[in-house]
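Dropping the structure in here first, questions after.
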Amino acid sequence: MRIHARVSIVGAAALLAAIISSEAPAHGDVAPQPVDTTHLPQIGAEWVDKNPYRDNEAAITTGASAYNQNCARCHGLGAVSGGIAPDLRELPDDLEGDEWYVYRVRNGAIRNGITYMPVFAETDGGPLSQEALWAIRAWLVTLDGAE
Ligand code: HEC
């Protein structure tokens, strides 16, 4: 009885992993991709509260591709959510939205040991620089959604 229950949990996990890995390519690259931000004004290691790249065209272009390589697999191509993660177009464009954005990319969403969203900020052990993450945010606020 006990063994049976274990086997089926392992089986379910394997099945889930198979589903996730087979679906992933349709939602963009799986492994986090390095983002070159050397052409943007450098921000430094200390996190700022407000997006320094808002309306910066170079940052917006970089952010669009950085998004597709790192976030689209969960938040959808073009930030149009397929349902498994929130629609990021709906995040308010103001300072409050900036703050919530920073909170999430620095902390991820991890509850009871389950990672719903991994940590993305390099300062917190993730793969992306503050520059890359603000570039993504600069692109997100150009999309139609919440003001
Ligand atoms: C593995 C899937 C996954 C990836 C990859 C991912 N996210 Fe998320 N994200 C989620 C999930 C799931 C939530 C909802 C978390 C919750 O509140 O339970 C979320 C929430 C968020 C939120 C808060 C949205 C809200 O309305 O509260 C922001 C901002 C965010 N993600 C930004 C990003 C950015 C930027 C990237 C890429 C650098 C990214 N995410 C990559 C799964 C992901």
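How much length, in nm to one decimal, is gained on full extension between W100 and D87, taken as 0.36 nm per residue of separation minus their Cα-Cα distance? Show your work: numbers first, answer last.
Working: separation 13, 0.36 × 13 = 4.68 nm, distance 1.39 nm.
Net length gain for the segment: 3.3 nm.
Restricting to DSSP loop positions (anything but H, G, I, E, B) with no more than 11 other Cβ atoms inside 10 Å of their own Cβ, which GluC sites (Glu not before Pro) remain in region 28-120?
E46
Spelling out what I want: for every residue of region 117-128, take phi, set θ = phi - 60°, compute 6.51 cos²θ - 1.76 cosθ + 1.60 (Karplus), and round to whole Hz; glycine and proline get x.
In residue order, the calculated couplings are 9, x, 5, 10, 6, 4, 4, 10, x, x, x, 10 Hz.
Oh, and also: What number does region 57-147 give for Rg over Rh if you use C-alpha atoms and the Kirkwood radius?
My calculation of the ratio gives 0.94.
Karplus couplings for region 131-139 from phi (6.51 cos²θ - 1.76 cosθ + 1.60, θ = phi - 60°), rounded to Hz, Gly and Pro as x?
3J(HN,Hα) across region 131-139, in whole Hz: 4, 4, 5, 6, 5, 4, 4, 4, 5.
Along Cα→Cβ, 7 Å out, is where each label goes; now give me the distance between the ones at S65 and T123 in nm to one decimal.
2.6
From the backbone phi of region 83-100, what are the Karplus-calculated ³J(HN,Hα) couplings (6.51 cos²θ - 1.76 cosθ + 1.60, θ = phi - 60°) in whole Hz, Gly and Pro given as x?
x, 7, 9, x, 6, 6, 5, 7, 5, x, 6, 7, 4, 4, x, 4, 5, 5
No value in this document is a laboratory result; all are computed from the given coordinates. Quick caveat: nothing in here was measured; it's all calculated off a predicted structure. All Cβ positions, even for glycine, are placed from backbone atoms using ideal geometry, and neighbour counts span all protein chains on display.
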